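Remarks on the structure that follows.
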RNA sequence: GCGGGUGUGGCGGAAUUGGCAGACGCGCUAGACUUAGGAUCUAGUGUCUUCGGACGUGGGGGUUCAACUCCCUCCACCCGCACCA
């Protein structure tokens, strides 16, 4: 008889909820472990089989840690602001609030049916005013410190969505959501000065235990480059312009300069005889979308302005060109071109027949740009130096002669923080009629979203909030009129600090009690999808560092250890998608196979970080394993098996202790697939054994309980226990039980296995060598050969070199 | 192009101070039980083989008594970035 998963899963889920089994004691005396999942956006589609993968991993970790005597914080919540709810509201006329509430209810039911050990008293929701009060509060602090500011920036305007998108929400010139076209448009926007934290965001990556690939992605995103700024006078003008270069050593080889098409000097310096050509070029560029600009980038384009810059180091005249391979958004929007030692400049110079002067030896600059190290030539006082020495010396020269200085530039830009949307946290700022601007005082927070019947975007770029009376305010003291900021925050805002609120979720007076934060931070393990490798994780680190600076949190970094779960693909090894019809719904699996089976299967599929295809056969196999456990321990009529005895069964002793060791270590390291396979080995041995030792059976149930908690609780209670298994002490292993008195030794001749012998584990090297050489089979094989050398590895093998 | 990663049976995957390649699961084969089995149990299952053995971890080369593991080189695929000066 197999177990009835529908009955027992329901039974234990109700038990846990009712008894608040997983309630966390904030100020417990125990050592603390904080295991965090990336909270989900509760979409209308409901839970996907990908969600439970990471959630099961942290749940296993949490459950094991509780049994090992730790106080565990393991919470769940909802990242519930965002575009889909608003889009749905626009399409159907329904309220995003109700829609969101409904989706959350579905997600919560689904998650609870999977038996995760969350403390539901700490559930949070980013759209709850009691929560976003503190999101807004953090914003006002950023504003006070000058880290939130308004700026006129060319933004990604998406006419179809009626909103501005962040760079990262634009993929190949189209909106990430919906794939609508995006154009550049200058608008006044709120920005957060994340660049002020660039160096610390980079440096502190050294302190965290994250996958190297994620750290690298963040490093590349921040994109720190060291170099110098060099100022160039323009022949015949008062003005000068500045370029950024990582290769100041090549300044003698700079033969022309290039300004970005958007550079403010372009119109000023263009000579009359080139005006027409330049304007034509600018027009062509401006009507191109970003996408087309990238597409056409294979062929470099540009025009000469007629103006000349003076190379400060040798006084030579350098023609100033305009080209769209120079980006206004990086560095200063202007470059010195050194075609001999930069591939892009080389290509451009070739096309427009500009001079190419070699200044670093080592390549053949008549064929291609040489970017490597070498000895400087044609470079006055730099001649004879190598690259690094020349860089230092040139910077010295520039600083002494007031022509430039050392400079560090980042690829990272400030964070475009405002959205022209209804369904987001209102930015708590009031614009007064006298032109000033103030933050909403803390006592007036939260600044709640008004209920609106019509939330269509105005189309002009303002958010739907502009259509509400809510925008109008009057200062009660001075009577001055004002208008509220109508922009709202991006979806990233709420997820930048949610992990802090779990620690003290109901605190009305502060974001969280500092004493409680001190207890729980930093987070011990954070698991989620790799799609958040840069944005969420970088933004959250930025806010955390800011909160650290203003004394709100006690740690520099929020997430000590990070892990990315892999994707679960469809059976055909393709991404699951509605259109392919290969989506697996967790609800169906819970009904057909049970939550324990789903959890077990997802953990057994492969390494946690690998992308693995779903397999219905594999799922059946997981269920079969649970049935085997059940049948081994429970009789047909539901009683404990008579095979279970108080006696120690020596044939199970070693495999039991091995299993405890391997499972404990593997779970600690998130190697669930191998830990589970060891438990399968134990059950296989259990079937072969004449009788089962009760201690081993109970130890096994404890070890399977983090993976398959419902069946474990049921077995535990049927074996006569009245309390939950959740806080039973985790089994420990005895090192002395892991080694046999006899070990099998491999005998090799020339590295090939020729025989295997059982010998006592304490045998000496000399004895082992003797036994090996005297073995019948081996001596036969060695006949007529000379033994040259014998390598003995104690307890493992003997390799005989003979020919 | 740059950065990171992966490559092992029919399939998912094990195996790292270099020491028995293929644990465990799926699938498959045979047998047992059975009216029946897409249930369960038992045994087998890398390839080739003249049954001695030979070969085998993407290809080629190297170091070593010994290489999935270390080094060189090439190939394929995946992820991220992409004119970042």
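Here are a few things to note about the model shown:
- By other beta-carbon atoms within 10 Å, ranking A:38, A:567 with the fewest at the front produces A:567, A:38.
- Extension gain for residue A:763 to residue A:87 (0.36 nm times residue separation, less C-alpha to C-alpha distance): 235.9 nm.
- Region A:225-409: relative contact order in percent, alpha carbon pairs under 8 Å with at least 6 residues between: 29 percent
- Computed [θ] at 222 nm, deg cm²/dmol, chain A (DSSP H ≥ 4; -39,500 (n - 2.57); rounded to nearest 500): -10500 deg cm²/dmol
- Across chain A, the mean sequence separation of Cα contacts (distance under 8 Å, 6 or more residues apart), normalised by length, yields a relative contact order of 15 percent.
- Under the criterion of Cα pairs below 8 Å and six or more residues apart, the relative contact order for region A:586-737 equals 28 percent.
- Here each label is just a point 7 Å from Cα along the line to Cβ, and for residue A:591 and residue A:694 those points are 4.2 nm apart.
- Ordering of A:487-497, A:462-472 by packing [mean C-beta count within 10 Å, highest first]: A:487-497, A:462-472
- Neighbour-count ranking [beta-carbon atoms within 10 angstrom, fewest first] of A:365, A:270, A:591: A:591, A:365, A:270
- Relative to the longest principal axis of the Cα atoms of chain A, helix A:272-287 runs at roughly 30 degrees.
- Between residue A:739 and residue A:651, full extension at 0.36 nm per residue minus the direct alpha carbon distance yields a gain of 30.4 nm.
- Ranked by how many other Cβ atoms sit within 10 Å of their own Cβ, fewest first, the residues A:597, A:140 fall in the order A:140, A:597.
- The angle between the Cα long axis of helix A:212-222 and the longest principal axis of the Cα atoms of chain A comes to about 10 degrees, rounded to the nearest 10.
Taken together, the values in this text are just the output of simple stated rules run on the coordinates, not laboratory data. Since we're looking at a predicted model, the values are computed, not measured. Note that each Cβ is placed from the backbone with ideal geometry, even for glycine, and that neighbours are counted across all protein chains shown.
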